[in-house]
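Note sheet for the following structure.
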Amino acid sequence: ESGKKGLPGFLSLLQDRDTKLKISAIEAIGNLKTVEPSVVSLLIKNLTHPKRSVRSALAEALGKIKHPKELTIPSLLQLLRDRYICVRLHSVTALGKFGKEAEPAIPELLKNFDEKDPALDMAIAETLCDIGYKAKVGIPKMKEVAQDKDRPDQMTKEAISRIINYLELINENE
């Protein structure tokens, strides 16, 4: 509750030109976890901010806030198309916090396997695992990643194989 008292100050910092202050405001708002939809609308105005550090902080904050998902999930999907892997990584991780509600992100998540980045690959596989049953459509792509000889990170490939095994075992009701 004490953090919510500072909300007007955080909101004014969202307009600040100073990147560090803007990021601090985004992080503080995200740490509140529950905010009004109007606050989420103000946050997502930063989706196209020129600094990737701002967009990464935004993805993380949206993953903490989560609701209204009608605003947060489409925003995270937009960040999942960012040209910088670090922004996409934060978006993938945030989407994982939504569990089954992130099902609309499955096609975009699968496209991001094409980057061949071990951290991103692992985060995508974990998020697909968090989504659950509907993410089974990603198993063929995940198998492709786990068996790709051009991907040197054996630990990531083994972890993805374990996630595939888990997904193959779950039922629609889980």
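Some values worked out for this structure:
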item	result
Matching residues, region 3-29, being basic (K, R) and in a helix (DSSP H, G or I)	K4, K5, K20, K22
Matching residues in region 137-147 - criterion: being under 11 Å from F113 (Cβ atoms) and open to solvent by less than 30 Å² (accessible area, probe 1.4 Å)	G138, M142, V145, A146
Qualifying residue in region 26-35 (condition: open to solvent by 40 Å² or more (accessible area, probe 1.4 Å), of a type in the set (D, E, K, R) and under 18 Å from L95 (Cα atoms))	yes
Output for region 74-95, where each listed residue is open to solvent by 10 Å² or more (accessible area, probe 1.4 Å), in a helix (DSSP H, G or I) and not basic (K, R)	P74, L77, Q78, I85, C86, L89, H90, T93
Flag if K69 is modelled with pLDDT under 95, in contact with an Asp or Glu (Cβ under 6 Å, 6 or more places away or on another chain) and of a type in the set (D, E, K, R)	yes
Residue pairs meeting the criteria (Cβ under 9 Å; at least 6 apart or on separate chains; first touching a residue at least 24 places away in the same chain (Cβ under 8 Å) and closer than 12 Å to L7 by Cα, in region 32-51; second open to solvent by 40 Å² or more (accessible area, probe 1.4 Å) and aromatic (F, W, Y))	L32/F10; V39/F10
Residue within region 136-152 that is under 19 Å from the mean Cα position of the chain (by Cα) and of a type in the set (S, T, N, Q) present	no
Per-region count, region 111-136, residues buried (at least 16 other Cβ atoms within 10 Å of the Cβ) and outside any helix (DSSP H, G or I)	2
Cβ pairs under 8 Å, 6+ apart, first in region 104-115 and of a type in the set (V, I, T), second buried (at least 18 other Cβ atoms within 10 Å of the Cβ)	I106/L128; I106/I131; I106/A135; I106/G138
Residue check, E60 within 28 Å of M122 (Cβ to Cβ) and among the acidic types (D, E)	yes
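Matching residues to (1) in contact with a helix residue (DSSP H, G or I) (Cβ under 6 Å, 6 or more places away or on another chain); (2) at pLDDT 95 or above; (3) of a type outside the set (D, E, K, R):
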{"site": "L79", "(1), (2), (3)": "yes, yes, yes"}
{"site": "C86", "(1), (2), (3)": "yes, yes, yes"}
{"site": "H90", "(1), (2), (3)": "yes, yes, yes"}
{"site": "G96", "(1), (2), (3)": "yes, yes, yes"}
{"site": "A105", "(1), (2), (3)": "yes, yes, yes"}
{"site": "K111", "(1), (2), (3)": "no, no, no"}
{"site": "K116", "(1), (2), (3)": "no, no, no"}
{"site": "D121", "(1), (2), (3)": "yes, no, no"}
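The values are calculated or read from the model by the stated rules, or taken from the named source; none is laboratory data. Owing to the predicted nature of the structure, the values given are computational and were not obtained by experimental measurement. As a convention, Cβ positions derive from the backbone with ideal geometry for all residues, glycine included, and neighbour counts pool all protein chains shown. Heavy atoms of the whole protein, side chains included, go into the accessibility calculation; ligands, DNA and RNA do not. Shrake-Rupley method; radii C 1.70, N 1.55, O 1.52, S 1.80 Å.
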